[in-house]
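In what follows, a structure is listed as structure tokens, so that the remarks can point back to it.
The values are calculated or read from the model by the stated rules, or taken from the named source; none is laboratory data. Just so it is clear, the model here is predicted, and its values are computed rather than measured. All Cβ positions, even for glycine, are placed from backbone atoms using ideal geometry, and neighbour counts span all protein chains on display. Just the protein is used for accessible areas: all its heavy atoms, side chains included, with ligands, DNA and RNA removed. Shrake-Rupley method; radii C 1.70, N 1.55, O 1.52, S 1.80 Å.
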Amino acid sequence: MKVEKTGEIGFCFGVRRAVDMLEKVVAERGGVETLGAVVHNQQVLQRLAESGVRVAESVSDIKDDTVAISSHGVAPEVEEQLKARHITIVDTTCPFVNRLQNAARRLAESGFFIVIYGDAGHTEVRGVLGCAGGRGLATLDEEDIFKLDPLPRRLGVLSQTTQIPAHFVGFVKRLIDGAFGRDSEMRIIDTICHDLRERQAQALELAGKVDLMLVIGGKGSANTNRLAELCSAVTETHLIETAADIDPAWLEGKQTIGVTSGASTAKETIDEVLARLEELD
Ligand code: SF4
């Protein structure tokens, strides 16, 4: 059995940066609270918890005078609440998320209604909508926009950083088709994360060459689910959180196995999966 992994695997740039910042603060202060989970990966959260990182579920839960906000960022009103309580912020927001937040803020200030192609319940998207000052909505279905009455004349269209580029393009195209003739002006900014774009392209290429793909990452991680969705259109694919999730029956009759991971999967977890595959060979 031949096992091949993608070049882009393990922590992305933004998660690496966030984890490094947290580890530095923990080393200086002996521990730190984070506002919500910093990454959507149980193994990483557990490791951080063991080193002294505690999760506060809301601003009112924060007990310390310092809090770290996650790589997904937060809405300006949350920052205001923290400042009002004189809490020092360790801001691990990924620069790609900052870019999206700034685009939403700029367009909203120029009078555009913000449309975010993304999951309305995701932390990142809620933060971006906050930057739009409430003048926007997030959806994966253009019909939600056409239902607005009246349809805003100026639309600023952005994407959640983790979406699949081709799906965003399809959404934008359908939006253009439906909004034209309604006297609309549209401004579209590509805000998909560069790191994920490369990761998705590599995963797709590998999926085309193997009998089975294993995508390692949190089941609640948006980017991991996107990777699995992309690969499953090409070959048999399983999303696994750890080596223990591998069902030996999947490997029967398979010659080549591809391995990739979501952006918040630690190297240790990937190494364990590779070792388990070797064991099962
Ligand atoms: S996936 Fe992209 S946007 Fe998200 S944290 Fe990683 S580098 Fe930043």
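Please state the equivalent ellipsoid semi-axes for the chain: what are the square roots of 5 times the Cα gyration tensor eigenvalues, largest first, in whole Å?
Values for the chain, descending: 34, 28, 12 Å.
What is the P(r) of the stretch 199-241, as percent of Cα-Cα pairs per 5 Å bin from 0?
P(r) for the stretch 199-241, in whole percents per bin: 5, 30, 36, 21, 6, 1.
If amide H atoms are built 1.01 Å from N in the plane of the peptide, which residues on other chains or at least 5 residues away come under 5 Å of the amide H of VAL32?
VAL53, ARG54
Need one number for the stretch 69-209: average projected area of the convex hull over its C-alpha atoms, nm².
On the way: hull surface 38.0 nm².
Average projection, Cα convex hull of the stretch 69-209: 9.5 nm².
Would you please give the residues with an amide H less than 5 Å from that of LEU239, counting only those at least 5 places away or on a separate chain, with H modeled from the backbone geometry?
Long-range HN contacts for LEU239: VAL215.
Could you pull out the trypsin sites (Lys or Arg not before Pro) across the stretch 1-103 that fall in loop regions by DSSP (anything but H, G, I, E, B) with no more than 12 other Cβ atoms inside 10 Å?
Working: sites: LYS2, LYS5, ARG16, ARG17, LYS24, ARG29, ARG47, ARG54, LYS63, LYS83, ARG85, ARG99; in loops: LYS63, ARG85.
When the trypsin sites (Lys or Arg not before Pro) of the stretch 1-103 are filtered for loop state and at most 12 Cβ neighbours within 10 Å, LYS63, ARG85 remain.
Mind putting a number on the dipole of the chain about its Cα centre? Charges go on the C-beta only, +1 for Lys and Arg and -1 for Asp and Glu, and I need it in Debye to the nearest 20.
940
Find how much the distance from ALA120 to GLN255 grows on full extension, using 0.36 nm per residue of separation minus their present alpha carbon separation; answer in nm with one decimal.
44.6 nm
Number of Lys-Lys pairs in the chain under 28 Å by Cα, sequence gap 8 or more or different chains?
Taking the chain as the scope, the lysine pair count is 20.
Treating each Cα of the stretch 60-127 as an identical point scatterer and ignoring solvent, apply the Debye formula and state log10 I(q)/I(0) at q = 0.14, 0.17, 0.21 Å⁻¹.
For the stretch 60-127 at q = 0.14, 0.17, 0.21 Å⁻¹, log10 I(q)/I(0) is -0.48, -0.68, -0.94.
Give the accessible surface of the chain per residue, rounded to a whole number of Å², with probe radius 1.4 Å and ligands, DNA and RNA excluded.
46
Let me test this: with uniform point scatterers at the alpha carbons of the stretch 217-280, what is the Debye-based log₁₀ I(q)/I(0) at q = 0.12, 0.13, 0.21 1/Å?
Relative scattering, expressed as log10 I(q)/I(0), comes to -0.28, -0.33, -0.89.
Note down, for the stretch 172-265, the three equivalent ellipsoid semi-axes (square root of 5 times each alpha carbon gyration tensor eigenvalue), biggest first, whole angstrom.
34, 14, 11
In the P(r) worked out for the stretch 148-217, what percent of Cα pairs fall beyond 16 Å?
On the way: 1434 of 2415 pairs.
Summing the P(r) tail past 16 Å for the stretch 148-217 gives 59 percent.
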